[in-house]
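Structure, as structure tokens:
The values are calculated or read from the model by the stated rules, or taken from the named source; none is laboratory data. Treat the numbers as computed from the prediction; the structure is a model and nothing was measured. Glycine gets a Cβ as well: all are built from the backbone with ideal geometry, and neighbour counts include every protein chain shown. Accessible surface is based on the protein model in full, side chains and every heavy atom, while ligands, DNA and RNA are left aside. Shrake-Rupley method; radii C 1.70, N 1.55, O 1.52, S 1.80 Å.
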Amino acid sequence: MNVLLLGAPGAGKGTQAKEIKEKYNIPIISMGDMLREMIKTDKGLEEKVVPYMKTGRLVPDEVVGEILKKRLQKKDCENGFILDGYPRNEDQAKLLDSIGVNLQKVIEIKVSDEEILKRLSGRRVCGKCGEIFHVVSKKPKVDGKCDCCDSNLEIRKDDQEDTIKKRLEVFHSQTEPLEKYYKDKGIFFVVDGEKSLKEVSEMLFKLIGEKGND
Ligand code: ADP
Ligand code: ZN
């Protein structure tokens, strides 16, 4: 089963991707996570990528396209995968088609802009293990510290208000049109992302099927 999760930044794609990974035992391919990881050790890439990420714009297609192609060749993708954050525009979707990636389901987790702004401005991320918290809805046990590894919680550089607005604008203008792209292929589904995390997971599991083959 190859699944693509679509949705605005902060819709909960990352959290739900983890749930799907656990249940179906397929890897998550998160472009945002890969970029954040790779720029730590690759200076050349850092220069190409950081100016875009910091301001909430899309990293150029050639850069993310190469990263994606390499990742999909790894052995763990053989039995399926969850795509999170790729594609984000029509040209990226066309790249997937051109390299023969067969998506069975494209699921959008839908959340209003108003809710997104609330969620992202309160988001805190563990600098070490990546666990995500929220100052209102998912407080850590100890202020500013990760429940899992006790490291300091940080605000992601692109979670500043101006950048959030830019990311939303990019989502509406470039990523949302993919809805039509995948509707035309008959593989597009939507779930209400304002329901509880558990309800959203259950809706996703239902769509994907018990064994991942519905
Ligand atoms: P979010 O979905 O919350 O915006 P991500 O971690 O998925 O966060 O992405 C963070 C940033 O990484 C994006 O704003 C963009 O700059 C860059 N990025 C991630 N995926 C892509 C992609 N497919 N194409 C171009 N840029 C990307
Ligand atoms: Zn942690």
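Key figures for this structure:
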quantity: Contour excess over end-to-end distance, with Cα ends at Ser121 and Gln73 and 0.36 nm allotted per residue; calculated: 13.7 nm
quantity: Within the chain, longest stretch free of exposed GluC sites (Glu not before Pro) [DSSP loop, at most 11 other beta carbons within 10 Å]; calculated: 79-209
quantity: Positive minus negative residues near Lys166 (Lys, Arg vs Asp, Glu; Cβ under 11 Å); calculated: 0
quantity: Calculated [θ] (222 nm, deg cm²/dmol) that DSSP helices of n ≥ 4 give over the chain, each run adding -39,500 (n - 2.57); calculated: -13000 deg cm²/dmol
quantity: Magnitude of the charge dipole, the stretch 108-214, Cβ model with Lys/Arg +1 and Asp/Glu -1, debye to 20; calculated: 260
quantity: Average accessible area per residue (Å²) across the stretch 129-214 - probe 1.4 Å, nucleic acids and ligands excluded; calculated: 65
quantity: Whole-Hz couplings from phi, Karplus 6.51/-1.76/1.60, listed for the stretch 16-28; x for Gly and Pro; calculated: 6, 4, 5, 4, 5, 4, 4, 6, 9, 6, 10, x, 9
quantity: Where trypsin sites (Lys or Arg not before Pro) fall in DSSP loop in the stretch 30-91, at most 16 other Cβ within 10 Å; calculated: Arg57, Lys74
quantity: When the stretch 94-195 is reduced to its Cα atoms, the Kirkwood hydrodynamic radius in Å; calculated: 16.0
quantity: Cα lying deepest toward the dipole's positive end in the chain, options Ile187, Gly122, Val111, charges on Cβ; calculated: Gly122
quantity: Net charge dipole size for the stretch 97-156 [Lys, Arg +1 and Asp, Glu -1 on Cβ; Debye, nearest 20]; calculated: 200
quantity: Computed over the stretch 50-152: relative contact order in percent, which uses C-alpha pairs under 8 Å that are six or more apart; calculated: 13
quantity: Percent of beta bridges antiparallel (DSSP, the stretch 44-191, rounded to nearest 5); calculated: 65
quantity: Against the rule of thumb 2.2 N^0.38 Å, how large the Cα Rg of the stretch 1-67 comes out; calculated: 1.23
quantity: Whole-percent carbon and sulfur share, accessible surface of the stretch 99-214, 1.4 Å; calculated: 51
quantity: Given charges at beta-carbon only (K, R positive; D, E negative), |dipole| of the stretch 138-181 in Debye; calculated: 80
quantity: Above-threshold pairs, the threshold being 28 Å between Cα atoms, out of Lys166/Lys211; Lys13/Lys166; Lys13/Lys141; Lys23/Lys165; calculated: Lys166/Lys211; Lys23/Lys165
quantity: Accessible area per residue, Å², the stretch 1-101 with all protein chains present, probe 1.4 Å; calculated: 50
quantity: Descending semi-axes in Å of the chain, equivalent ellipsoid built from Cα gyration tensor; calculated: 25, 21, 18
quantity: For the chain: relative contact order, % (alpha-carbon pairs under 8 angstrom, 6 or more apart); calculated: 30
quantity: Cα coordinate range in the stretch 35-135, projected on the principal axes (Å, largest first); calculated: 41, 35, 25
